[in-house]
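Some notes on the structure that comes next.
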Amino acid sequence: MRTSILIAVAAVLVAAGAAVASSGAGLPNIGTPTMATQHVYKGYYDHHLDTYLLTDVSNKAQAKAMHINFSAEIGTVKGIPAQYFVKGRAAKGQLTIFGSEPGEADYNPLWEEMWVTWKPGVKPVLLGQDDQITSLAKAGKLTIKDAHIVLNAPILTVGKGK
């Protein structure tokens with residue numbers, strides 16, 4: 001009888017331990033995934049193309065124009081990398097430029113929008129790296145303006161080298 005009780009208690013403990021282990025080791029109940037179509041975009045990081053998704057922005061007008069979520073709260077986040085957008089004249093093939101990407105220590109899917117404008121009389125070149133932008137700004141060829149807008153744009157795939 002004593003052996004039967006010990007075996008029963010051991011079985012209960014093993015079952016409880018397995019339940020705890022499986023709940024801690026796996027994901028929370030996030031449901032079953034389904035396939036959906038969403039717009040994705042391309043942008044440069046260190047002269048290669050990454051693919052990203054737009055989900056939320058801290059500017060109501062941009063949210064409406066881009067058909068994404070408005071979130072005032074993300075606009076309060078500080079210390080995030082920059083995402084550069086060329087406004088006005090631009091070189092052929094110009095896309096957004098990221099200040100980081102997955103795998104970098106400072107990567108974050110939230111971005112501080114920076115607007116880049118070429119100065120009059122300067123011929124635009126293709127911008128593909130944040131260091132290139134800051135260098136051209138120091139040389140007086142373009143301006144960088146903090147738009148004070150935060151964009152949630154996670155990078156989904158990282159492109160290949162330079």
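Values quoted throughout were computed directly from the atomic coordinates according to the rules given, and no laboratory measurement underlies them. Not measured: the values here are computed from a predicted model. All Cβ positions, even for glycine, are placed from backbone atoms using ideal geometry, and neighbour counts span all protein chains on display.
Within the range 128-143, the only residue that satisfies the criterion of being under 12 Å from Gln83 (Cβ atoms) and either out of contact with any Gly (no Cβ under 8 Å at 6 or more places or on another chain) or part of a loop (DSSP other than H, G, I, E, B) (or both) is Ile133. Looking at this structure, is Ala65 closer than 17 Å to His39 by Cβ and assigned to a helix (DSSP H, G or I)? Taking the combined requirement at face value, the residue satisfies it. Mind listing whichever residues of the range 54-101 are loosely packed, with under 14 Cβ neighbours inside 10 Å and hydroxyl-bearing (Ser, Thr, Tyr)? The answer is Thr76, and nothing else. Thr51 meets each of the listed conditions (1) touching a Ser or Thr at 6+ places or on another chain (Cβ under 9 Å); (2) under 15 Å from Pro154 (Cβ atoms); (3) without any contact (Cβ under 8 Å) to a residue 24 or more places away in the chain apart from (3). Taking the criterion of being surrounded by fewer than 14 Cβ atoms within 10 Å (Cβ to Cβ) and polar (S, T, N, Q), the only residue of the range 116-141 that qualifies is Ser135. Screening the range 114-127 for residues that are among the hydrophobic types (A, V, I, L, M, F, W, C) and assigned to a loop (DSSP other than H, G, I, E, B) and picking the one that is farthest from Asn152 (Cα to Cα) gives Val122. Of all the listed residues (Leu110, Leu49, Leu151, Leu126), the sole one being aliphatic (A, V, I, L, M) and over 29 Å from Thr37 (Cβ atoms) is Leu126.
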